[in-house]
Amino acid sequence: MSRRLPRARPGVILQQDQADLFLVDTDGGEVFEVNATAAAIFACCEQAQSYGDAVSALSEGLSEAGQGVEILADVEDTVRLFQQLGLCEAGG
């Protein structure tokens, strides 16, 4: 069984303003600007996907094979940061 991503915390939403992407904590009032990769990872957390699902989604369209390990490390680092900022639940 693939390890599940932690759930996005209730009250945290992804918003887009033109080309800019933001995670908004509607309860705490904090706003975090994120890049497209972080936004895609957060969307996977919202959908209760697995780490493998996130890696697959992020690797679509990449021409180089074997980048899965690097992408997984990026997903793990980003999720850890989301947890530290209180944007995702602990665990996962």
Counting Lys +1, Arg +1, Asp -1, Glu -1, what net charge surrounds residue 10 among other residues with beta carbon under 12 Å of its beta carbon?
-2
What are the residues whose amide H is under 5 Å from the amide H of residue 12, where those residues sit 5 or more places off or on another chain and H is modelled from the backbone?
26
Scan around residue 7 for amide H atoms under 5 Å from its own, H built in the peptide plane at 1.01 Å from N, and keep only partners 5 or more places away or cross-chain.
89
For residue 34, the residues 5 or more places away or on another chain with a placed amide H closer than 5 Å to its own amide H are 21, 22, 23
Would you be so kind as to identify which of 86, 6, 31 lies farthest towards the positive end of the dipole of the chain, taking Lys and Arg as +1 and Asp and Glu as -1 on Cβ and the Cα centre as origin?
6
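With each run of n ≥ 4 DSSP H residues scored as -39500 (n - 2.57), what mean residue ellipticity at 222 nm is computed for the chain after dividing by its residue count and rounding to the nearest 500 deg cm²/dmol? Before the final figure, lay out each step's value.
Values: 3 runs with 37 residues, N = 92.
Mean residue ellipticity, 222 nm, calculated: -12500 deg cm²/dmol.
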Whole-Hz ³J(HN,Hα) for each residue in segment 49-59, computed from phi via Karplus 6.51 cos²θ - 1.76 cosθ + 1.60 with θ = phi - 60°, x for glycine and proline: what do you get?
8, 8, 4, x, 4, 5, 4, 4, 5, 6, 8
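Values in this text are rule-based calculations from the coordinates and carry no lab data. Computed from a prediction, not measured in an experiment: that's the story for all the values here. With ideal geometry, Cβ positions are generated from the backbone for all residues, glycine too; neighbour counts draw on all protein chains shown.
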